[in-house]
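Note sheet for the following structure.
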Amino acid sequence: MIRFDNISKRYPGTQDALSQLSFHLHKGEMAFLTGHSGAGKSTFLKLIALLERPSRGQLFIDGQNLTRVPRRKIPYVRRQMGIIFQDHRLLFDRTVFDNVALPLIISGYARQDIERRVRASLDMVGLLGKETQFPITLSGGEQQRVGIARAIVHKPSLLLADEPTGNLDPALSWEIMGLFEQFNQVGVSVLIASHDLDMISRLPYRVLKLKQGHLVGDGYPRGTRP
Amino acid sequence: MRPEKGARQGPGRERQNIGASRGARHSGLRGYFTLHLSMSIQSLGRLVRSPFATLMTAAVIGIALALPTGLHVLLDNLQRAGGDWDGAAQVSLFLKPHVDEDRALALADRLRQRGDILSVHYISPDQALEEFQSQSGFGEVLESLSQNPLPGVLVLQPRLATDKPDRAEILMTNLERLPEVELAQLDMQWLKRLFAILDTVERGVMIVAILLGVAVLLIVGNTIRLAIENRRDEILITKLIGATNAFIRRPFLYYGIWYGLFGGLLALILVDTSIILLQEPVARLTGLYGSNYRLGLLDLELSATVIGGGILLGLLGSWIAVGRHLSRIEPR
């Protein structure tokens, strides 16, 4: 699903943020990306979302070479994935429904289709009935779930999440993580950047560890996988 | 999967992805119009939700459009009113020195019979001298002359059609052939001057119109720039989740169109109100000149031009602003 082939990323005037990174996230796989702040997690996700371009190397998503995608085609690549942000990135002047509907409106779906899909998506994250509320009236956990509903409403085959539980208490974090597991079970590939090592170590998923731009670990938590 | 294979699959894959999801979407011309209709109504809704700010911008545009429109209407009316006044054209027939008053009056009578002459008025040499003395400032010089050097003059008002200027020429040659006549002079000087002035003013109005048109562009451009700044977060988020530049551009272009439309309508209201306010005094003024000319409201063509021009300027202004500012907002 995601394949890094000797990827390096260097910002002007600094040393490599990522250096010679190679890895492959398979279709339908769920994995965590960990490391201290500054280890390169954000850069890693930004490369996949085409917010940054690699300085060297090749990057493939679903077989498509992202290093060759021209600027004007970038939006269409982004529509293939769902992205979840730590700070939710919701539009606070629009209702929950309108926020979740945004990816569908952007892609030009028909109105009836939009209503059906938004409801299904909100149902999945347990927010059905809050369509007409504004995000500001919701709790942090609920806002994050609106963000998740927006990321999955167009049924992407890849979900990217940047510290999705960063601001949530443990109970809420587990709840959110449960949602990701659900999506993964229906075949969505999921990549989650997180520094919540305690939770990650208790889940049976692949963990990629970044340190100063290098991939220093790629495996499963002890005792979670044969 | 081998990288080369993935690389070759790239573009085809993308096309397939885009095509695959299109089934559920708006398709064809109808879908396109539905999309644009809902887009335009949405942006109208946003404008209506902040009525004061919208009205202010529209008012500035309206005034900027009303000024050249009003001047144009004024000029147009003056030109048409001037066209009605071909009675103002005079022909002066300077008679030969030996033609006395009786012959002159007889000639005047004969001329009155002609169809192409409205009126004839005789000025005797004595009257002419008196008038000249009092008006020219040469009074003393003239007094020292032993004889009156001025000829008798017949002042005619020809019936001229403004659309047939050569008829005036024919009339003039006919008049000059009369045995009593020394010289025939068509006196349209002041009318010519009026039209020359109107031409100059027309050019001035055009310059004012261009300047104010540029002003409208700047006003709309700046308003749209602020709107873009205000919705910066929204633009970033929509770009992050895959909005194309065309999608992001669209509501701002509709803002421009709406501003232009409102400005144009406001300009029409301003100009027509001014005309209504002016109608009565103008009727009184033209009445003093023996004309029953009345100021008319804007006709359909000019109204359409004002509104169309407003919309065009609004669209162009927002296009420029969007082109300059939108590309600078990229998610990081």
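The values are calculated or read from the model by the stated rules, or taken from the named source; none is laboratory data. Keep in mind the model is a prediction, meaning the values are calculated, not measured. In this analysis, Cβ positions are derived from the backbone assuming ideal geometry, glycine residues included, and neighbour counts consider all displayed protein chains. Each accessible area value is taken on the protein alone, full model and side chains, heavy atoms only, with ligands, DNA and RNA left out. Shrake-Rupley method; radii C 1.70, N 1.55, O 1.52, S 1.80 Å.
Taking the condition of being more than 17 Å from A:Arg3 (Cβ to Cβ), more than 8 Å from chain B (Cβ to nearest Cβ), open to solvent by 30 Å² or more (accessible area, probe 1.4 Å) and not in a loop (DSSP other than H, G, I, E, B), how many residues in the stretch A:37-82 meet it? Total meeting the criteria: 2. If the condition is being within 18 Å of the chain's Cα centre (by Cα) and farther than 13 Å from A:Glu29 by Cα, then the stretch A:197-207 contributes A:Leu197, A:Met199, A:Ile200, A:Leu203. Inclusion of A:Arg150 among residues that are within 21 Å of B:Gly242 (Cβ to Cβ) and open to solvent by 30 Å² or more (accessible area, probe 1.4 Å) is not warranted. Considering B:Ser303, B:Ser274, B:Ser291, which residue is of a type in the set (Gly, Ala, Ser) and loosely packed, with under 15 Cβ neighbours inside 10 Å? Within the list B:Ser303, B:Ser274, B:Ser291, the selection yields B:Ser291. Right, B:Leu266: away from chain A (no Cβ under 14 Å) and among the aliphatic types (A, V, I, L, M) or not? It is true that B:Leu266 is away from chain A (no Cβ under 14 Å) and among the aliphatic types (A, V, I, L, M).
Of all positions in the stretch B:241-254, none carries a residue that is away from chain A (no Cβ under 14 Å), within 21 Å of the chain's Cα centre (by Cα) and among the aromatic types (Phe, Trp, Tyr). When you check A:Gly166 against the structure, is it open to solvent by less than 50 Å² (accessible area, probe 1.4 Å), over 30 Å from A:Glu115 (Cβ atoms) and either in contact with a Leu (Cβ under 7 Å, 6 or more places away or on another chain) or outside any loop (DSSP other than H, G, I, E, B) (or both), yes or no? Spelling it out, it is not the case that A:Gly166 is open to solvent by less than 50 Å² (accessible area, probe 1.4 Å), over 30 Å from A:Glu115 (Cβ atoms) and either in contact with a Leu (Cβ under 7 Å, 6 or more places away or on another chain) or outside any loop (DSSP other than H, G, I, E, B) (or both).
In the stretch B:226-236, what residues are in contact (Cβ under 8 Å) with a residue 12 or more places away in the chain and either surrounded by fewer than 19 Cβ atoms within 10 Å (Cβ to Cβ) or within 14 Å of chain A (Cβ to nearest Cβ) (or both)? The answer is B:Ala227, B:Glu229, B:Arg232, B:Ile235, B:Leu236. Residues considered: B:Val48, B:Val60, B:Val99. Of these, the only one that is open to solvent by less than 60 Å² (accessible area, probe 1.4 Å) and away from every other protein chain (no Cβ under 14 Å) is B:Val99.
Taking the stretch A:105-119 on its own, how many of its residues are within 9 Å of chain B (Cβ to nearest Cβ) and of a type in the set (S, T, N, Q)? Looking only at that region, the number is 1. Out of A:Leu128, A:Leu122, A:Leu102, I need the residue that is closer than 27 Å to A:Leu168 by Cβ, more than 13 Å from chain B (Cβ to nearest Cβ) and open to solvent by less than 60 Å² (accessible area, probe 1.4 Å). Which one? Result: A:Leu122 is the single residue among A:Leu128, A:Leu122, A:Leu102 that is closer than 27 Å to A:Leu168 by Cβ, more than 13 Å from chain B (Cβ to nearest Cβ) and open to solvent by less than 60 Å² (accessible area, probe 1.4 Å).
Working carefully through the options A:Ile136, A:Ile176, A:Ile192, find the one that is touching a strand residue (DSSP E or B) at 6+ places or on another chain (Cβ under 7 Å), in contact (Cβ under 8 Å) with a residue 24 or more places away in the chain, closer than 21 Å to B:Leu240 by Cβ and outside any loop (DSSP other than H, G, I, E, B).
Numbers: A:Ile136 fails: touching a strand residue (DSSP E or B) at 6+ places or on another chain (Cβ under 7 Å); A:Ile176 fails: touching a strand residue (DSSP E or B) at 6+ places or on another chain (Cβ under 7 Å).
Unique residue meeting the criteria: A:Ile192.
Test A:Arg89 against the criterion of being facing chain B (nearest Cβ under 8 Å), open to solvent by 60 Å² or more (accessible area, probe 1.4 Å), part of a loop (DSSP other than H, G, I, E, B) and under 27 Å from B:Phe247 (Cα atoms), and give yes or no. It is true that A:Arg89 is facing chain B (nearest Cβ under 8 Å), open to solvent by 60 Å² or more (accessible area, probe 1.4 Å), part of a loop (DSSP other than H, G, I, E, B) and under 27 Å from B:Phe247 (Cα atoms).
Just a yes or no: is a residue in the stretch B:318-332 assigned to a helix (DSSP H, G or I), charged (D, E, K, R) and within 30 Å of A:Pro54 (Cα to Cα)? Yes, the stretch B:318-332 contains a residue that is assigned to a helix (DSSP H, G or I), charged (D, E, K, R) and within 30 Å of A:Pro54 (Cα to Cα).
Just one of the listed residues (A:Leu45, A:Leu59, A:Leu50) is free of Cβ contacts under 8 Å to residues at least 40 places away in the same chain and of a type in the set (A, V, I, L, M), namely A:Leu50.
Looking for whichever is buried (at least 20 other Cβ atoms within 10 Å of the Cβ) and farther than 22 Å from B:Ser38 by Cβ here; the options are A:Arg145, A:Arg117. Which one fits? Before you say what the answer is, go through the steps one by one.
Working: A:Arg117 fails: farther than 22 Å from B:Ser38 by Cβ.
Of the residues listed, the single one that is buried (at least 20 other Cβ atoms within 10 Å of the Cβ) and farther than 22 Å from B:Ser38 by Cβ is A:Arg145.
Among the residues of the stretch A:169-197, those that are more than 17 Å from A:Lys41 (Cβ to Cβ) and open to solvent by 40 Å² or more (accessible area, probe 1.4 Å) comprise A:Asp169, A:Pro170, A:Ala171, A:Leu172, A:Trp174, A:Glu175, A:Glu181, A:Gln182, A:Gln185, A:Val186, A:Gly187.
Report yes if some residue within the stretch A:25-36 is without any contact (Cβ under 8 Å) to a residue 60 or more places away in the chain and either under 17 Å from the mean Cα position of the chain (by Cα) or in a loop (DSSP other than H, G, I, E, B) (or both); otherwise report no. Looking for residues that are without any contact (Cβ under 8 Å) to a residue 60 or more places away in the chain and either under 17 Å from the mean Cα position of the chain (by Cα) or in a loop (DSSP other than H, G, I, E, B) (or both), one finds none in the stretch A:25-36, hence no.
Taken as a whole, the condition of being in contact (Cβ under 8 Å) with a residue 40 or more places away in the chain and of a type in the set (Val, Ile, Thr) does not apply to B:Ile241.
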